[in-house]
Amino acid sequence: MIKTFKHGICTILLGALAACSHQQEPVQQVIYLIGDGMGFGAVSSLLLSEQEVTGFEMQPVIGLNETTSANNYVTDSPAGGTALATGTRTNNGYLGVDPDGNPLISVLKIAQSLGKKTGIVVNTVLTEATPGAFYAGVQSRKESYRIAEQFVESGVDVAIGSGLSAFINRPDSVDLTAALIEKGYDVYLDWNSVVRTQNERFVGILPMADVHRRNTTSKDAGAADGAEVCLAAQLASQQEDASEKTDCDPTTYLTQATAKALQTLEKNSPNGFFLMIESAIIDGYGHNNDSEGMILEMKEFDATLKYLVKYVNEHPNTLLVVTADHETGGTAVGYRSHSDGEPVQLTFSTKGHTGTVVPIFAYGKGAQAFGAVLKNTDIPQLIEDLMR
Ligand SMILES: [Zn+2]
């Protein structure tokens, strides 16, 4: 993504004043939260299930994101991620390259060129399509070994996710964790090491069971606060005897990994940072047409969102953008006879993705620019514009 969007924004969007006014004072910190497959049905299921005020209801700016890929109304995750990361639509299956196979420059790379630290937090493998779109360029998402090599070269300061096999069980027998260590990273393969580290450059490649850890109490009000207390206890324990307090089981992986990444990226970052977070499993529940799973996953997502709202409130020069790469499942709250207190039941129209528009939520500095009907490709261009 190279072309600047400044003048276009100023003339065509309702958020023109906000988008233009940043030019004197760029946004320092950007947090880009992507819910894979999170459409209106998913958000509706949370709003109907949650008694507390959700993080979504705290968002002052709401827009629409039209998620088409270059060759299909219905995008897949590689093309959807590529659009959200690079501002260019590509063919389904392609990742970080245009339809002719030319590599694209992501907004994360642009953040690096502006002197910002960068981070990636996912509850899936680090070489999956959505995170991969921010640092890789391949013609097939299946090239996970190649994507892992590109991750090593990415310059990302902090990454937490899963997917060790692409780094060590490779056809070329190269151990990419050693390559990361050579580049100055600490590499951690368990959660407790991630929690304890003070290193400003690290990669956590955790077991899948860790990154899929669900907050079993998420139905209870205040679950997000509980997660924060747990992390705070763990972080405090670093100063004393770290080995004693790790029984504070981190049950909300996404929120806690996000908190750890933010805490790390904040250090020695005079030009701010760019953090991309993906909640990947909403998509899986959509594919499986699993109503209960999707609602639980949305509660997890909401816990992270609430945490981020609080973070932005405490760090005013921060922009938070929340959207999805596409909708999954044709998810809706269809009519049925609900008795009192019965959980919301979603209905699904497909096992695949759909081309239905998805929501955008924005909070913090420069947020007004996202209150419009946008193409997926507009979003990273707007972020770039606000960072400059
Ligand atoms: Zn999917």
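Available extension along the chain between LEU189 and LYS310 is 40.6 nm, counting 0.36 nm per residue and deducting the alpha carbon span. Extension gain for ARG336 to ASN71 (0.36 nm times residue separation, less C-alpha to C-alpha distance): 91.7 nm. Leaving ligands, DNA and RNA out of it, report the carbon-plus-sulfur percent of the accessible area of the stretch 45-194 at a 1.4 Å probe. Here carbon and sulfur together make up 49 percent of the probe-accessible area. For the stretch 244-356, the extents of the C-alpha atoms along the principal axes are 54, 39, 23 Å, listed from largest to smallest. List the residues of the stretch 295-322 whose backbone N lies under 16 Å from a point placed 7 Å from the Cα of MET58 along the Cα-to-Cβ direction. Flagged as within label range: 299-322.
Under a 5 Å amide H cut-off, with hydrogens placed 1.01 Å from N, LEU319 pairs with GLN29, VAL30, ILE31, LYS365 among residues at least 5 apart or on other chains.
Rolling a 1.4 Å probe over the heavy atoms of the protein chains gives the stretch 284-356 an accessible area of 41 Å² per residue.
Please state, to two decimals, what the Cα-based radius of gyration of the stretch 168-215 comes to when divided by 2.2 N^0.38 Å (N = residues).
1.29
Here each label is just a point 7 Å from Cα along the line to Cβ, and for GLU200 and GLN51 those points are 4.5 nm apart.
Accessible area of the stretch 345-388 with a 1.4 Å probe: how many percent of it is carbon plus sulfur?
The computed percentage sits at 52.
Computed extension length for ASP175-LEU114: 18.9 nm, one decimal, from 0.36 nm per residue of separation with the Cα-Cα distance subtracted.
The 1.4 Å probe gives accessible areas that order ARG89, ARG170, largest first, as ARG89, ARG170. For the stretch 242-350, the list of GluC sites (Glu not before Pro) that fall in a loop by DSSP and count at most 16 other C-beta atoms within 10 angstrom reads GLU244. Between SER44 and MET208, the FRET efficiency estimated from the beta carbon spacing at R0 = 35 angstrom works out to 0.75. Ligands, DNA and RNA aside, LYS109 has an accessible area near 60 Å² when probed at 1.4 Å. Among the chymotrypsin sites (Phe, Trp or Tyr not before Pro) within the stretch 295-388, those in coil by DSSP and having at most 11 neighbouring Cβ atoms inside 10 Å are TYR335.
The values are calculated or read from the model by the stated rules, or taken from the named source; none is laboratory data. Predicted model only: the values in this text are computed from it and were never measured. Virtual Cβ from ideal backbone geometry, glycine too; neighbours counted across all protein chains shown. Note: accessible area is taken over every heavy atom of the protein model, side chains too, but ligands, DNA and RNA are not part of it. Shrake-Rupley method; radii C 1.70, N 1.55, O 1.52, S 1.80 Å.
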